[in-house]
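Take a look at the structure below.
The values are calculated or read from the model by the stated rules, or taken from the named source; none is laboratory data. Quick caveat: nothing in here was measured; it's all calculated off a predicted structure. Cβ: placed from backbone, ideal geometry, glycine included. Neighbour counts: every protein chain shown. The area values use the complete protein model at the heavy-atom level, side chains included, leaving out ligands, DNA and RNA. Shrake-Rupley method; radii C 1.70, N 1.55, O 1.52, S 1.80 Å.
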Protein chains: 4
Amino acid sequence: MENNHDNWGRWGDDDERGSLNLLTPERVLAATRACTTGKVYSLSLPIQEQGVPIFDYRGAPRRYSLTSASDHDPYAEFGAAPGVGSNEDMLVFASHSITHMDALSHVYTQDGIYNGFPRDEFSTQGGAGHCDIRVTGTFAGRGVLLDLPRHQGVEWLEPGHAITRAELDACADAQGTEVRAGDVLLVRTGWLDLFAQGTEEFRQPGLGVDAVSFVDDHEIAAVGADNAAIECIPFDDDVFLAVHIELLVKRGVTLMEHLKLSELAADGCHEFLFCVGALPVTGAAGSPINPVAIG
Amino acid sequence: MENNHDNWGRWGDDDERGSLNLLTPERVLAATRACTTGKVYSLSLPIQEQGVPIFDYRGAPRRYSLTSASDHDPYAEFGAAPGVGSNEDMLVFASHSITHMDALSHVYTQDGIYNGFPRDEFSTQGGAGHCDIRVTGTFAGRGVLLDLPRHQGVEWLEPGHAITRAELDACADAQGTEVRAGDVLLVRTGWLDLFAQGTEEFRQPGLGVDAVSFVDDHEIAAVGADNAAIECIPFDDDVFLAVHIELLVKRGVTLMEHLKLSELAADGCHEFLFCVGALPVTGAAGSPINPVAIG
Amino acid sequence: MENNHDNWGRWGDDDERGSLNLLTPERVLAATRACTTGKVYSLSLPIQEQGVPIFDYRGAPRRYSLTSASDHDPYAEFGAAPGVGSNEDMLVFASHSITHMDALSHVYTQDGIYNGFPRDEFSTQGGAGHCDIRVTGTFAGRGVLLDLPRHQGVEWLEPGHAITRAELDACADAQGTEVRAGDVLLVRTGWLDLFAQGTEEFRQPGLGVDAVSFVDDHEIAAVGADNAAIECIPFDDDVFLAVHIELLVKRGVTLMEHLKLSELAADGCHEFLFCVGALPVTGAAGSPINPVAIG
Amino acid sequence: MENNHDNWGRWGDDDERGSLNLLTPERVLAATRACTTGKVYSLSLPIQEQGVPIFDYRGAPRRYSLTSASDHDPYAEFGAAPGVGSNEDMLVFASHSITHMDALSHVYTQDGIYNGFPRDEFSTQGGAGHCDIRVTGTFAGRGVLLDLPRHQGVEWLEPGHAITRAELDACADAQGTEVRAGDVLLVRTGWLDLFAQGTEEFRQPGLGVDAVSFVDDHEIAAVGADNAAIECIPFDDDVFLAVHIELLVKRGVTLMEHLKLSELAADGCHEFLFCVGALPVTGAAGSPINPVAIG
């Protein structure tokens, strides 16, 4: 079963960070030199109940008011001046809502999660026993955007299309984008633009299994995309979560989904500093994120 | 009413970003050159029910399991191989839980929120009508850390201590830290270290009103601290939320609280690139954050 | 303003119970004598995410696991034997989810809620200042079911149909059901049966304004129905919440919606003891309920 | 292993109702004749964040506002008159919060839950596979109150006290209360009165294992008490959940905790009709309840 769990044990038997180990301080420092404009991009869709992609079983994210001016001078007892108070909210949402990061504990197979930690370790009260989102949620590095629809001269790739290694190579070449070890690879499929048209179609373009070698050969640290699951849906070869299993489970590659890449694309900004700080929720298998790109 | 609402109207009557307007692309680009080590710091405490500072009315943040391997082959109907599935969570917490950012709609006075938007605009269903967290949640800039306990040779400043302008000046001088226009100012009081000792005391060291002129004179873009409210508690001059009113409401200065600054301090890292992406929750008056510093 | 707010002041200026004042102990005791079979009926639909009527803005009710056997011997530290533990849940739902009771604070008009309490008294932190669900949530009395579809020989009344006073009279007569002062009136429209067919139609049969005199003349203590709002939708005379305003606001008549009346109807059980205990949530404007009928 | 699982199989191998099978229509009908005053009692404590007994891991129950008059004429688009709208809430609480009912799936041992259903059947997404709260949540019967503190001439039984069979017998005799097959047994320990004094003590008086024979011999259908767990804490014989295992798991006896019994006690009302309708949440292992007693 050689090469079956490509990175299991590569960074030690107790490693929980997977390919983020590739993000050495030297590479991060070099990544800061990728900035040329100083323009700051938010890569997250808004978190709201409507107009954004939501899976039924996760439920729509909700904001409730916790305090407001309807609470008549609530702090008067603390000596607050009349009319002074605060607005606050309660937030209720799934860890994998809208724009989010998968922790390495997110997907399990018969053999367990990344690096062989037990598949049934995720408990009701405690959540992840290993590889929770705290371990991989914070990182920075050189980001590269492969804008496939632009390269292929379409608005979006066809729903269901399985992106190949050759397509990624061709796009990088055409863009003149050099992909380096430790890079954060962002793949634009255009799917969010199709979604914005009001499509009800669930099928999505995304990486096929063939594209995994691109991640291997370039020693990619993390992968993000503007679709629901990085990979194409229906899944490549009809293998459920085929690319998640290859990247997240076998290689420990952190994945980020539903990234808003349209502004980077519009500016033709293909190389940038990528920074992300997921919410470090103890035990969680993921988190909503708002990554920052600096052009 | 001169100088009463210092920045109201400064960036236009409909401005909702306040002092973040100071963060021009040029300044952001310059900030990337502040990095010298490439070391990445997470400035957030873990989000969990115990061992972190929590206010009763906000409730402890909660993680619940949404899916797990206890759901027996839940995706079999989609052709999933036996034993394949996903772990996911539900997250329930206050927008101002633990390490968080205040949106400019967070505090209101009789005169309204920042820039004069109505004080009762924050509604039950919609939340903030102006200045929600989406507007100010994403930014990057040069970060400077003023490590007051280190400068003063103590573990933490005394609970209740109101930090003065002179103390900030002296600390910056002693550190050799030049503070520049558009900087993100992080103030370490040591309070989280006192909290970690298990203190039940609610009194906290923090900025006094006297220190506000430091923010003005240096054209600070945003302020963060390791305490609950940036400012000292009990409030300076017994004015409820005195420094919030000066900075957040009058000047539109974004505030970040309960930042974990101990690692930066331990490394003596006083200048760095600061990046933050709050969750862009439509209508919210704040968000948990996990800012990233790159040394 | 004669007759404009029919019951305001009737039971005192500070009354918060409205027509439940009609449920004297004598009437309750008499109601227990209505039982003839001892068969117990649950009048609530199941609380679940699918297959039940849910309004988008309220969200689907959710159950999350709080503890389970996936928590490996969680009580071992308390001396629990191996394998012993508990299953518990977290429940997240709107107060007006599925089968529910409206508190008298639920609907407000320009003039306020029932009995003239202020319309803006319901605050973010505290909820209802008067007439929360604790005040009216617990009662028992003689229940009568008017089974309109059965009487009219149809499966369900037409969506949008406004039930008239004459229809209620005719149904009661045909059933041989005497309606008495203090009765809890349950009206079956058949709408839940239509819903069970998978209709996507939102229009519903229900009481029209004309039927309100039936409640007045019979001194009804509370009204329930198997539809979403007691009243017909679109609202009678195109007045938004017309019947809620007449019954709940002006008369203080407690309303219960989405009651499961099919079993009572199938048994021809038209007179019974009706008991309900809403959740006594401090400040809430309503509660899910599971009323009990004893035939 | 004779008599080891006393009621497993008694009502069939697929029975999920346990001792509620004892509540035949004849017994329910007879129970309605127990009423003599028509006074209606709510047996639930208020559901709120403070002043009521709450376990940390369950969290305080929370009410948030969902709609209110702060939403400026939210229904204007539907033709609502100015100033008309609705107040609604979101409710977030544990199934076993404050006054609640245990479903028969609540406690598991190495051998499973009641009637031998698997101990690990309770899944993250679906909850209880058998014996969820829908199956046992709705019932009515003759209620009897054994008011132990009154009988023993104390305000409350001592914290930690294990109530014996002899104490129950003596109390029933002294009260002149005949206990009959199918009765709902409510035991008052006085603990809630001690709690109301502000005690921080977690030890509680409650049933000891010795008292279980009282339930057996009288063929009790369900048991309620005013303490946290029916049974005494610390657990009798230091067996974790000893009485839960005897009653809930082995015998399928429905349990109800934190009942507010003080009003019944004050009136000397020891026999009554008992009605309860738990929230029929699909998959839940329990529910908050507000049982109704009619004197």
Quiz item: Among the residues of the range B:216-230, which ones are closer than 19 Å to B:Leu261 by Cβ and in contact (Cβ under 8 Å) with a residue 60 or more places away in the chain?
Solution: B:Ile220, B:Ala221, B:Ala222, B:Gly224, B:Ala228
Quiz item: What tally of residues in the range B:66-88 results from selecting those that are open to solvent by 20 Å² or more (accessible area, probe 1.4 Å) and at positive phi?
Solution: 2
Quiz item: Which is at the interface with chain C (Cβ under 8 Å from one of its Cβ atoms), basic (Lys, Arg) and buried (at least 22 other Cβ atoms within 10 Å of the Cβ), of D:Arg58, D:Arg63, D:Arg33, D:Arg27?
Solution: D:Arg63
Quiz item: hydrophobic (A, V, I, L, M, F, W, C), within 20 Å of the chain's Cα centre (by Cα) and over 30 Å from C:Tyr75 (Cβ atoms), is that true of D:Val212?
Solution: no
Quiz prompt | The one condition in (1) open to solvent by 10 Å² or more (accessible area, probe 1.4 Å); (2) within 13 Å of chain D (Cβ to nearest Cβ); (3) within 26 Å of D:Cys275 (Cβ to Cβ) that C:Leu241 fails to fulfil | solution = (3)
Self-check item: Lone unmet requirement of (1) open to solvent by less than 10 Å² (accessible area, probe 1.4 Å); (2) more than 7 Å from chain D (Cβ to nearest Cβ) for C:Gly286
Solution: (2)
Self-check item: Residues of the range D:72-81 classified as assigned to a loop (DSSP other than H, G, I, E, B) and more than 9 Å from chain C (Cβ to nearest Cβ), total
Solution: 3
Exercise. Check off (1) touching a residue at least 12 places away in the same chain (Cβ under 8 Å); (2) within 30 Å of D:Gly190 (Cβ to Cβ); (3) facing another protein chain (nearest Cβ under 10 Å); (4) open to solvent by 10 Å² or more (accessible area, probe 1.4 Å) for D:Ser95 and give me the number that stays unchecked.
Key: (4)
Practice problem: Scan the range D:32-71 residue by residue and report those that are out of contact with any helix residue (DSSP H, G or I) (no Cβ under 8 Å at 6 or more places or on another chain), farther than 20 Å from C:His106 by Cβ and not in a loop (DSSP other than H, G, I, E, B). | Solution: D:Asp56, D:Tyr57, D:Arg58
Quiz prompt | Answer residue from the range D:50-74, given it is under 20 Å from the mean Cα position of the chain (by Cα) and among the charged types (D, E, K, R) and is nearest to C:Arg119 (Cα to Cα) among those | solution = D:Arg58
Quiz item: Among all residue pairs at least 6 apart or on different chains, which show Cβ distances below 6 Å where the first residue, located in the range B:48-65, is closer than 18 Å to D:Ala94 by Cβ and the second is among the acidic types (Asp, Glu) and in a loop (DSSP other than H, G, I, E, B)?
Solution: B:Ala60/B:Glu49
Quiz item: Among (1) crowded, with 19+ Cβ neighbours inside 10 Å; (2) touching a strand residue (DSSP E or B) at 6+ places or on another chain (Cβ under 6 Å); (3) within 22 Å of D:Ala30 (Cα to Cα), where does D:Thr177 come up short?
Solution: (1)
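One line per residue, one yes/no per condition, for (1) modelled with pLDDT under 95; (2) of a type in the set (Ser, Thr, Tyr); (3) touching a Cys at 6+ places or on another chain (Cβ under 8 Å):
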position: C:Gly9; (1), (2), (3): no, no, no
position: C:Tyr41; (1), (2), (3): no, yes, yes
position: C:Ile47; (1), (2), (3): no, no, no
position: C:Pro74; (1), (2), (3): yes, no, no
Practice problem: Specify the residue that is nearest to the other protein chains (Cβ to nearest Cβ); the eligible residues are those in the range A:9-24 that are open to solvent by 60 Å² or more (accessible area, probe 1.4 Å) and under 20 Å from A:Ala222 (Cα atoms). | Solution: A:Arg17
Quiz item: Within the range B:82-122, restricting attention to residues that are among the small types (Gly, Ala, Ser), in contact with a helix residue (DSSP H, G or I) (Cβ under 9 Å, 6 or more places away or on another chain) and assigned to a loop (DSSP other than H, G, I, E, B), which residue is nearest to C:Asp71 (Cα to Cα)?
Solution: B:Ser97
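For the range A:254-262, indicate whether the set of residues that are open to solvent by 10 Å² or more (accessible area, probe 1.4 Å) and polar (S, T, N, Q) is non-empty. Don't jump to the end; show me each part of the working.
Start the filter on the range A:254-262 by keeping residues that are open to solvent by 10 Å² or more (accessible area, probe 1.4 Å), which leaves A:260, A:262.
This time we only want the ones that are polar (S, T, N, Q), so: A:262.
The answer is yes; a qualifying residue exists.
Within the range A:244-253, how many residues turn out to be open to solvent by 10 Å² or more (accessible area, probe 1.4 Å) and either touching a helix residue (DSSP H, G or I) at 6+ places or on another chain (Cβ under 7 Å) or part of a loop (DSSP other than H, G, I, E, B) (or both)?
Number of matching residues: 2.
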Quiz prompt | Qualifying position, being crowded, with 23+ Cβ neighbours inside 10 Å, assigned to a strand (DSSP E or B) and away from chain B (no Cβ under 13 Å), among A:Val223, A:Val276 | solution = A:Val223
Practice problem: Report the residue count in the range D:202-218 for those that are touching a helix residue (DSSP H, G or I) at 6+ places or on another chain (Cβ under 8 Å) and surrounded by fewer than 18 Cβ atoms within 10 Å (Cβ to Cβ). | Solution: 3
Exercise. Tell me, please, whether a residue that is at negative phi and buried (at least 20 other Cβ atoms within 10 Å of the Cβ) can be found in the range D:194-201.
Key: yes
Quiz item: Taking into account only those residues within the range D:36-55 that are open to solvent by less than 30 Å² (accessible area, probe 1.4 Å) and facing chain C (nearest Cβ under 7 Å), which is farthest from C:Gly283 (Cα to Cα)?
Solution: D:Gly38
